[in-house]
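Visitor: Structure incoming, see below.
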Amino acid sequence: MRYIEPHAHMVSRTTDDYTRMLLSGCRAVCEPAFWAGFDRSSAAGFYDYFCQLTVHEPRRAAKFGLPHFSWLCINPKESEDMKLADDVLAIIPEFLKRPNVLGIGEIGLNKNSRNEIKVLEKHVNLAAEHEQLILVHTPHLEDKLKGTKLILDVIRADKRIQPHRVIIDHVEEHTVQLVLDTGMWAGMTLYPESKCSPARAIDMVEVFGNERVWLNCACDWGVSDPLAVPKTALEMRRRGHSEETIDKLIYQNPLQFLRQTPKFILPSA
Amino acid sequence: MDARSKIIELAAFLDRVDRAEGEADFRLDALKNSMRELGSNEPGRAAKVLLSLSDPTTEPIVAATTKAACGAYKA
């Protein structure tokens, strides 16, 4: 079995996780910029974090033979401070030139506030100006439905953005159709309690189809599983899905989306 | 079997809440309300449970004063 992990916060994971991912068939890992669990105090903190994402973490992954790519942004949880957001947005373009940066992400909303929306709009503008792919975080729990609608409105308002170059992550049963109807991609995140279980993700694929969808684990510093994607593949096998169907969902689909940037290059199989 | 165990866990949780001291917060009523969707014979129960727990408003809030979501919408 082979798979691509399109959303994992490896800076918060141990080398054991890299070993297990490789053993489970992972062929590449992609890491969006996220909230570290605390608010960074300055743009310099983000500069260091972006260096970690684009230089040090890829080196760490390379020791295990795993290609590592990243996405950059100031995340929604740190988007109330407009001055900080503007300072961080100003340093992103320099990093977009790096060969392993795939686009802008994970942008989005957290509590659906006015400043969060302004910062989201600035990120979308940045992505449009630099022709970047976009990876979006949708809010948690009771905030997800409202936030997803607000996010889709912001993105659709910028006519420079092509829907097929946007992935709206962390969809659930009440938001997946909203996303797919826009022509954007829908990411199903296999994360305990606050997002989907493997069974629910497969249910959604069976009901809504396997086009423009991907699975991811979004493993981070919380209780989460870096092997959630291959474990979901095992559940698909148990339900009788073919190897071809499984490969499409966990390898071909993320490959199709990510290859929209010429930077997503994998070693020949 | 998996679904059976989850229903029992839910029931045990409600029993545990009854045995606890103090007042339950608004999320208990929200949870009980969402459970009504389980008795439906129509498809889409998971989506309806999620919708029942969701913020139905459409306007952005003025400012975020917390980081985390809590599990249910408080009107």
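Visitor: In region B:26-75, what count of residues is obtained for those that are in a loop (DSSP other than H, G, I, E, B), more than 30 Å from A:R40 (Cβ to Cβ), open to solvent by 70 Å² or more (accessible area, probe 1.4 Å) and not polar (S, T, N, Q)?
Guide: 4
Visitor: Can I ask one more? Picking from A:G37, A:G25, which residue would you name as being modelled with pLDDT of 95 or more, surrounded by fewer than 20 Cβ atoms within 10 Å (Cβ to Cβ) and among the small types (G, A, S)?
Guide: On the way: A:G37 fails: modelled with pLDDT of 95 or more.
Step by step, each of A:G37, A:G25 is checked, and only A:G25 is modelled with pLDDT of 95 or more, surrounded by fewer than 20 Cβ atoms within 10 Å (Cβ to Cβ) and among the small types (G, A, S).
Visitor: Within region B:1-25, which residues are of a type in the set (K, R) and surrounded by 10 or more Cβ atoms within 10 Å (Cβ to Cβ)? Quick ask: steps written out before the conclusion?
Guide: Filtering region B:1-25 down to residues of a type in the set (K, R) leaves B:4, B:6, B:16, B:19.
B:K6, the sole residue that qualifies.
Visitor: Let me ask another. Could you grab me the full set of residues in region A:1-20 that are outside any loop (DSSP other than H, G, I, E, B) and either over 17 Å from the mean Cα position of the chain (by Cα) or surrounded by fewer than 16 Cβ atoms within 10 Å (Cβ to Cβ) (or both)?
Guide: We begin by selecting, within region A:1-20, every residue outside any loop (DSSP other than H, G, I, E, B); these are A:3-5, A:10-12, A:15-20.
Answer for region A:1-20, where residues must be outside any loop (DSSP other than H, G, I, E, B) and either over 17 Å from the mean Cα position of the chain (by Cα) or surrounded by fewer than 16 Cβ atoms within 10 Å (Cβ to Cβ) (or both): A:T15, A:D16, A:D17, A:Y18, A:T19, A:R20.
Visitor: Right, something else. Tell me the residue from A:R114, A:R165 that is touching a helix residue (DSSP H, G or I) at 6+ places or on another chain (Cβ under 9 Å) and of a type in the set (K, R), please. Before the answer, list the steps.
Guide: Values: A:R114 fails: touching a helix residue (DSSP H, G or I) at 6+ places or on another chain (Cβ under 9 Å).
Within the list A:R114, A:R165, the selection yields A:R165.
Visitor: Any residue at all in region A:63-72 that is under 30 Å from B:I61 (Cα atoms) and in contact with a helix residue (DSSP H, G or I) (Cβ under 7 Å, 6 or more places away or on another chain)? Working first, answer last.
Guide: Let us first name the residues in region A:63-72 that are under 30 Å from B:I61 (Cα atoms), namely A:71-72.
Pick out the ones that are also in contact with a helix residue (DSSP H, G or I) (Cβ under 7 Å, 6 or more places away or on another chain) and you get A:72.
There is at least one residue in region A:63-72 that is under 30 Å from B:I61 (Cα atoms) and in contact with a helix residue (DSSP H, G or I) (Cβ under 7 Å, 6 or more places away or on another chain).
Visitor: It is to be established whether one or more residues within region A:217-226 are open to solvent by less than 10 Å² (accessible area, probe 1.4 Å) and outside any loop (DSSP other than H, G, I, E, B). If you could, list the steps in order and put the result at the bottom.
Guide: So the first thing to find is which residues in region A:217-226 are open to solvent by less than 10 Å² (accessible area, probe 1.4 Å), and the list is A:217-219, A:226.
Now restrict to residues that are outside any loop (DSSP other than H, G, I, E, B): none.
No - not one qualifying residue is present in region A:217-226.
Visitor: Tell me, which residue of region A:107-138 that is facing chain B (nearest Cβ under 10 Å) and among the polar types (S, T, N, Q) is surrounded by the most Cβ atoms within 10 Å (Cβ to Cβ)?
Guide: Quick first cut of region A:107-138, residues facing chain B (nearest Cβ under 10 Å) only: A:109-118.
From what's left, among the polar types (S, T, N, Q): A:110, A:112-113, A:115.
Details: A:N110: 24, A:N112: 26, A:S113: 19, A:N115: 19.
Applying the filter and picking the extreme gives A:N112.
Visitor: Suppose we filter region A:50-68 for residues that are open to solvent by 30 Å² or more (accessible area, probe 1.4 Å) and either in contact (Cβ under 8 Å) with a residue 60 or more places away in the chain or in a strand (DSSP E or B) (or both); how many remain?
Guide: Result for region A:50-68: 0.
Visitor: Could you go through region A:229-252 and let me know if any residue there is among the charged types (D, E, K, R) and buried (at least 20 other Cβ atoms within 10 Å of the Cβ). Even if it seems obvious, please write down each step before you answer.
Guide: First, pick out the residues of region A:229-252 that are among the charged types (D, E, K, R): A:231, A:235, A:237-239, A:243-244, A:247-248.
Retained after the next criterion (residues that are buried (at least 20 other Cβ atoms within 10 Å of the Cβ)): none.
No, the conditions are met nowhere in region A:229-252.
Visitor: Quick test of your reading of the structure: B:S34 fulfils all but one of (1) closer than 17 Å to A:N110 by Cβ; (2) of a type outside the set (D, E, K, R); (3) more than 10 Å from every other protein chain (Cβ to nearest Cβ). Name the failing condition by number.
Guide: (1)
Visitor: Looking at (1) in contact (Cβ under 8 Å) with a residue 60 or more places away in the chain; (2) crowded, with 18+ Cβ neighbours inside 10 Å, which is the only condition A:I202 fails?
Guide: That leaves (1) as the condition not met.
The values are calculated or read from the model by the stated rules, or taken from the named source; none is laboratory data. Everything numeric here is computed off the predicted structure, so don't read it as measured data. For neighbour counting, all protein chains shown are included, and Cβ atoms are generated from backbone atoms with ideal geometry for every residue, glycine included. Surface areas here come from the heavy atoms of the whole protein model, side chains and all, with no ligands, DNA or RNA. Shrake-Rupley method; radii C 1.70, N 1.55, O 1.52, S 1.80 Å.
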